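These notes concern the structure reproduced below.
The values are calculated or read from the model by the stated rules, or taken from the named source; none is laboratory data. Since we're looking at a predicted model, the values are computed, not measured. For neighbour counting, all protein chains shown are included, and Cβ atoms are generated from backbone atoms with ideal geometry for every residue, glycine included.
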Amino acid sequence: MMRPLVLLHRWLGIPLAVLFAMWFASGIVMHFVPYPALTEAELMALLLPAGEFAAWLTAFLPGIERGEPAALFEPAFVADSGDGQIAHLHGLNASRAWCWRRVAETLPPGDNRIEPALRAARVHTDAALPHVIGDDYMIEHWLAAYAVLLLTP
């Protein structure tokens with residue numbers, strides 16, 4: 001009776017341990033990579049008055065005027081647009097462009113973060129918009145939604 005339990009434990013334990021390790025690693029990545037930071041800033045731009053938003057943004061993303069964090073200012077590189085998984089990075093670029101534009105529009109006039117935000121929006125727009133039409137179906141069928149958000153005033 002013990003032998004089947006040991007084998008069951010061994011054969012279930014290994015995949016579950018690997019799954020737990022991947023879950024743990026993804027949590028570390030989510031903690032240190034500022035991927036959702038711009039969508040959170042875009043949401044707060046909608047919810048907070050302009051004066052409060054500027055102060056909140058200073059605490060939330062310090063260093064925008066210096067182009068920091070650098071990962072949010074550089075478009076994601078897509079090595080193969082035909083790969084449905086990697087092609088999602090075009091959507092990330094479009095989403096970042098939309099968020100940077102909204103952040104820049106919400107900041108009060110004369111704020112020194114407006115120009116870096118608009119520059120980042122342009123760079124991400126240039127990286128994403130050419131793939132909205134005339135590219136692989138894996139991209140076109142959903143990327144247009146981000147393009148509408150990006151291009152709607």
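A quick yes/no check of all residues on (1) at pLDDT below 90; (2) of a type in the set (Lys, Arg); (3) in the same structural domain as Ala147 (by TED's automatic domain parsing):
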site: Leu47; (1), (2), (3): no, no, yes
site: Gly51; (1), (2), (3): yes, no, yes
site: Leu57; (1), (2), (3): no, no, yes
site: Gly63; (1), (2), (3): no, no, yes
site: Arg66; (1), (2), (3): no, yes, yes
site: Ala71; (1), (2), (3): yes, no, yes
site: Asp80; (1), (2), (3): yes, no, yes
site: Asp83; (1), (2), (3): yes, no, yes
site: His88; (1), (2), (3): yes, no, yes
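Applying the criterion of being aliphatic (A, V, I, L, M) and within 24 Å of His131 (Cα to Cα) to the residues of segment 105-119, the residue that is farthest from the chain's Cα centre (by Cα) is Leu118. Checked against the criterion of being surrounded by 15 or more Cβ atoms within 10 Å (Cβ to Cβ), part of a helix (DSSP H, G or I), without any contact (Cβ under 8 Å) to a residue 12 or more places away in the chain and not aliphatic (A, V, I, L, M), the candidates Glu115, Glu52, Glu140 yield just one match: Glu140. Of the residues that make up segment 78-89, is at least one in contact (Cβ under 8 Å) with a residue 40 or more places away in the chain, within 19 Å of the chain's Cα centre (by Cα) and under 16 Å from Leu149 (Cα atoms)? No, segment 78-89 has no match at all.
Check whether at least one residue in segment 27-39 is modelled with pLDDT of 90 or more, outside any helix (DSSP H, G or I) and surrounded by 12 or more Cβ atoms within 10 Å (Cβ to Cβ), and report yes or no. Checked against the condition, which is being modelled with pLDDT of 90 or more, outside any helix (DSSP H, G or I) and surrounded by 12 or more Cβ atoms within 10 Å (Cβ to Cβ), segment 27-39 yields no hits at all. The set of residues in segment 64-95 being among the β-branched types (Val, Ile, Thr) and surrounded by 22 or more Cβ atoms within 10 Å (Cβ to Cβ) consists of Ile64 alone. If you go through segment 96-112 and keep only what is surrounded by fewer than 22 Cβ atoms within 10 Å (Cβ to Cβ), of a type outside the set (D, E, K, R) and not in a loop (DSSP other than H, G, I, E, B), you end up with Ala104, Thr106.
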